[in-house]
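Participant: Structure incoming, see below.
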Amino acid sequence: MKAIQVHQFGGPEVLQLHEIPTPKPGPGQVLVRVHAAGVNPYDTYMRNGTYAIKPLLPYTPGSDAAGVIEAVGEGVTSCKPGARVYTARTVSGAYAEYALALESQVHALPEKISFTQGAGVWVPYGTAITALVHHAHARPGETVLIHGASGGVGTAATQFARAMGLQVFGSAGTQKGLELAKKEGAHQTFDHTKPGYAEEIMKATGGRGVDVILEMLANVNLATDLKLLAMNGRVIIIGNRGEITINPRELMARRGTARGFTLWAATETELVEIYATIGAGLENGALRPIVGKELPLKEAAKAHVDVLAPGAHGKIVLVP
């Protein structure tokens, strides 16, 4: 089979297309014929060798895939060959024609959701759900600011927050991004490249501030975020690419919190809740993965450049 492999940590150029043996499922495993694989920012950090999780070389990147089960190993009872699934992590990597996964890592993909959409399910919606439910403890009627509401996680969080009954503010850096955030459920949108955007957000809250902020680029926005919080407000840090200086007094004055997390540290109980929420949302239409760009598998290096570029617009997907 064809697969992207990384033989040394480095820039996008280390992503090379190779012909490697197709894996066979062992006990408790399934083999998925990949129709599409999702590209996430964390994939680029792992490729650089700077992520908290450092895989053994060589490895195939990717946790998010969608396709059809090709074969199952001994003891697998929850799924059968021919079933449409999305993956929530894999054993062998998603940037390939076939991906090996544990039985617990594959989940039903409704017929109404395409394979390219399915490749944008796990990290975006898993992140949005655990950020809002398990870490922010957001409640209906509260106001949430989603920084970067036009990207993969941003659109997922916007849809889910709206379904939760939150007042949703979304920021983006392009007109196209602002329009997408509005379309996916943001009540109000703000251009975060515009001077004075923070004042516009505060004015929109009547000076009260926002209850929850989902932050995709903390090294740029966190200091400003703290000034936008309402009393007892919470900043949930989803993405960060460097250091930043903040004034803790901004938190102290508001009895606020700034909290970071990784999806990989979700507990078994949290995972059960995340999978159930995703399944229900995909079925009832509340969750609708947005694909912004499809690229052939061989262009994985370009995908890793594009996923970090300003002006995010939906999910980037690789098609084998």
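Participant: Only one of Leu295, Leu318, Leu287 is farther than 19 Å from Gly93 by Cβ and either among the hydroxyl-bearing types (Ser, Thr, Tyr) or in contact with a helix residue (DSSP H, G or I) (Cβ under 7 Å, 6 or more places away or on another chain) (or both); which? Quick ask: steps written out before the conclusion?
Facilitator: Details: Leu295 fails: farther than 19 Å from Gly93 by Cβ; Leu318 fails: farther than 19 Å from Gly93 by Cβ.
When all the criteria are applied, what remains is Leu287.
Participant: Out of Arg241, Arg259, Arg249, I need the residue that is surrounded by fewer than 18 Cβ atoms within 10 Å (Cβ to Cβ) and in a helix (DSSP H, G or I). Which one? Spell out the reasoning first.
Facilitator: Working: Arg241 fails: in a helix (DSSP H, G or I); Arg259 fails: in a helix (DSSP H, G or I).
Of Arg241, Arg259, Arg249, the one residue that is surrounded by fewer than 18 Cβ atoms within 10 Å (Cβ to Cβ) and in a helix (DSSP H, G or I) is Arg249.
Participant: Turning to a different aspect of this structure: Hey, among Thr116, Thr127, which residue is at pLDDT 95 or above and in the same structural domain as Leu228 (by TED's automatic domain parsing)? Don't jump to the end; show me each part of the working.
Facilitator: Numbers: Thr116 fails: in the same structural domain as Leu228 (by TED's automatic domain parsing).
Selected residue: Thr127, the only one of Thr116, Thr127 that is at pLDDT 95 or above and in the same structural domain as Leu228 (by TED's automatic domain parsing).
Participant: Given (1) part of a loop (DSSP other than H, G, I, E, B); (2) exposed (fewer than 14 other Cβ atoms within 10 Å of the Cβ), identify the lone condition not met by Glu199.
Facilitator: (1)
Participant: A follow-up question, please. Looking only at region 15-63, which residues are in a loop (DSSP other than H, G, I, E, B), aliphatic (A, V, I, L, M) and under 16 Å from Gln5 (Cα atoms)?
Facilitator: Let us first name the residues in region 15-63 that are in a loop (DSSP other than H, G, I, E, B), namely 20-28, 40, 49-58, 60-63.
After this cut, where a residue has to be aliphatic (A, V, I, L, M) as well, the list is 20, 52-53, 56-57.
The answer is Ile20, Leu56, Leu57.
Participant: Do we find that Ser150 is within 27 Å of Arg208 (Cα to Cα) and among the hydroxyl-bearing types (Ser, Thr, Tyr) in this structure? Walk me through how you get there before you give the answer.
Facilitator: Details: within 27 Å of Arg208 (Cα to Cα): yes; among the hydroxyl-bearing types (Ser, Thr, Tyr): yes.
Here the answer is yes, as Ser150 does meet what is asked.
Participant: Could you list, in sequence order, the residues of region 75-96 that are under 22 Å from the mean Cα position of the chain (by Cα) and not in a strand (DSSP E or B)?
Facilitator: Taking region 75-96 as the starting set, the residues that turn out to be under 22 Å from the mean Cα position of the chain (by Cα) are 84-96.
Residues satisfying the conditions are Ala88, Arg89, Thr90, Val91, Ser92, Gly93, Ala94, Tyr95.
Participant: Look at Ala163 and say whether it is buried (at least 24 other Cβ atoms within 10 Å of the Cβ), in a helix (DSSP H, G or I) and of a type in the set (Gly, Ala, Ser).
Facilitator: Working: buried (at least 24 other Cβ atoms within 10 Å of the Cβ): no; in a helix (DSSP H, G or I): yes; of a type in the set (Gly, Ala, Ser): yes.
Against the criterion (buried (at least 24 other Cβ atoms within 10 Å of the Cβ), in a helix (DSSP H, G or I) and of a type in the set (Gly, Ala, Ser)), Ala163 does not qualify.
Participant: Small (Gly, Ala, Ser), more than 16 Å from Arg259 (Cβ to Cβ) and in contact with a Leu (Cβ under 9 Å, 6 or more places away or on another chain) - does that describe any residue in region 227-235?
Facilitator: Scanning region 227-235 turns up no residue that is small (Gly, Ala, Ser), more than 16 Å from Arg259 (Cβ to Cβ) and in contact with a Leu (Cβ under 9 Å, 6 or more places away or on another chain).
Participant: Now, a different point. If you go through region 220-249 one residue at a time, how many are modelled with pLDDT of 95 or more and either under 18 Å from the mean Cα position of the chain (by Cα) or aromatic (Phe, Trp, Tyr) (or both)?
Facilitator: So the count comes out to 4.
Participant: Continuing with the same structure: Testing Pro21 on (1) surrounded by fewer than 20 Cβ atoms within 10 Å (Cβ to Cβ); (2) in contact with a strand residue (DSSP E or B) (Cβ under 8 Å, 6 or more places away or on another chain); (3) of a type outside the set (A, V, I, L, M, F, W, C), one condition comes back false. Which one is that?
Facilitator: Looking at each condition in turn, Pro21 falls short on (2).
The values are calculated or read from the model by the stated rules, or taken from the named source; none is laboratory data. It should be emphasised that the depicted structure is a prediction, and the values quoted were computed from it without experimental measurement. Please note: Cβ atoms are built from the backbone with ideal geometry, for glycine as well, and neighbour counts cover all protein chains shown.
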